[in-house]
Protein chains: 2
Amino acid sequence: MPRVVDHDERRRVIAGAVLRLAAREGLEAVSIRSVAAECGMSAGAVQKHFATKEDMMLRALELTEERLERRYAALPDDAGVGEHIRQALPLDEERREEAIVITAFTARAANRADWGRFLAEGYLAVQDSAAELLRRAQADGLLPADRDADDMAAGLTALSDGFSLRLLQLPPGSPEADRLLRALDASVRALLGVASSW
Amino acid sequence: MPRVVDHDERRRVIAGAVLRLAAREGLEAVSIRSVAAECGMSAGAVQKHFATKEDMMLRALELTEERLERRYAALPDDAGVGEHIRQALPLDEERREEAIVITAFTARAANRADWGRFLAEGYLAVQDSAAELLRRAQADGLLPADRDADDMAAGLTALSDGFSLRLLQLPPGSPEADRLLRALDASVRALLGVASSW
DNA sequence: CAGTTAAGAATACGACTGTATTCCGATCGT
DNA sequence: ACGATCGGAATACAGTCGTATTCTTAACTG
């Protein structure tokens, strides 16, 4: 047996380069060759790690979900809804990369059944765990119990996605972005029926 | 002077073909040649009407805004917020086309300052007119007056965009889509602080 | 009726695409 | 030490892209 490398790790590195490139120059700028240049490999090397370009793109999409879940897991136990939502907003370079790529994939997935299923399942998973969080908060008396937790969870994910789209068009930290974040906070409170941010 | 055609009308026809094609086969399938085939012209004819492909794409984006505004204008005077939001949701083929294209453009615009400005202005215009609508409703006592109309308007557009993304992944009329629409209704009511849909 | 001029078709061109294939070098088991 | 085998680089190929250019057709003006 000759030299052996960690195949999965290499695939992750390449997928990361896809995200960086897609965020910086757009999804249409992603080609085998440009990705190879982005991570300092030869085009042939990149090719060896994925059966097809689509596989590579899907791996990049998966990576965004992995990153999001890792951030969720790193949150303290008493983190509220607002803190969770913030993890999906393009507030730093990493999350901005993910938001751009996910948005582009969402548009493409509208006419590709398999991609659409992948995304829809991801949405549903996030929404379900959010609903679980909300139900516990209702049981603890932290939230009014007269609202449907699933409806609230769907509304919260929609709010998060909607504000993400807006924030993508604004430079982070700009006054308009701050204004949007305040509106998001107010919207979350209204949706949950609480007076102060939880 | 030889034969003269309505240049603007032709550009609109071509932009419509771009929307149809992008919705059916994805933004990446849009090329001068494929658009020409879509509207039964020669590639050279399409080329003559736009200085560059980017111009053509931007015209298609403009067309989505024109369509949305036309639907807004066609709404009865007493139409509520829910009715307005529905005009931007992918509930039929035409609105589905627009939603797909706008989503794809939003992703691309994240690294193109001019596109981003175009979209951000469009968002702001929609949001401002929504805020105006809400302020009037507050003055008429239809809505609680203790909420900031601009924050509510930002939240409503975000909800609309967020649910649009979700709906794009589901076949129209499916049970999941209906479920989402009910959640949207509930979210709008919670955001506005009203018990029944307005 | 000739001539000008716009619309549209066709073609040409260089660049880039994804993928298949070939080739080289390094590393491990034997 | 030798050779099997994998990682990786390089190249080849057919196709498509946007755009520039050329050519044809048709209509209006003088």
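The values are calculated or read from the model by the stated rules, or taken from the named source; none is laboratory data. Here the structure is a predicted model, which is why all the values come from computation and not from measurement. Positions of Cβ are generated from backbone atoms using ideal geometry, with glycine treated the same way; all protein chains shown enter the neighbour counts. Only protein heavy atoms, including side chains, enter the accessible area calculation; ligands, DNA and RNA are left aside. Shrake-Rupley method; radii C 1.70, N 1.55, O 1.52, S 1.80 Å.
Among the residues of region A:13-71, the ones that are among the β-branched types (Val, Ile, Thr), within 14 Å of another protein chain (Cβ to nearest Cβ) and within 9 Å of DNA strand C (Cβ to nearest atom) come to 1 in all.
Looking at A:153, A:113, A:125, A:107, which is the one that is more than 7 Å from every other protein chain (Cβ to nearest Cβ), open to solvent by less than 50 Å² (accessible area, probe 1.4 Å) and of a type in the set (A, V, I, L, M)? Among A:153, A:113, A:125, A:107, only A:153 is more than 7 Å from every other protein chain (Cβ to nearest Cβ), open to solvent by less than 50 Å² (accessible area, probe 1.4 Å) and of a type in the set (A, V, I, L, M). State yes or no: is residue A:10 over 25 Å from residue B:105 (Cα atoms) and either among the aliphatic types (A, V, I, L, M) or buried (at least 16 other Cβ atoms within 10 Å of the Cβ) (or both)? When the stated conditions are applied, residue A:10 passes them. Given the structure, is residue A:186 assigned by TED's automatic domain parsing to the domain that holds residue A:103 and modelled with pLDDT under 95? Taking the combined requirement at face value, the residue does not satisfy it.
Screening the candidates B:8, B:77 for the property of being away from DNA strand C (no atom under 14 Å from the Cβ) and out of contact with any helix residue (DSSP H, G or I) (no Cβ under 9 Å at 6 or more places or on another chain) yields one hit, B:77. The single condition among (1) within 29 Å of residue A:117 (Cβ to Cβ); (2) aliphatic (A, V, I, L, M); (3) open to solvent by 30 Å² or more (accessible area, probe 1.4 Å) that residue A:61 does not meet is (3). Scanning region B:77-104 for residues that are farther than 29 Å from residue B:137 by Cβ and more than 11 Å from every other protein chain (Cβ to nearest Cβ) returns a single hit, B:93. Would you please name the residue that is nearest to residue A:121 (Cα to Cα), looking only at residues in region A:68-85 that are touching a Leu at 6+ places or on another chain (Cβ under 9 Å) and open to solvent by 30 Å² or more (accessible area, probe 1.4 Å)? Among them, the one singled out is A:84.
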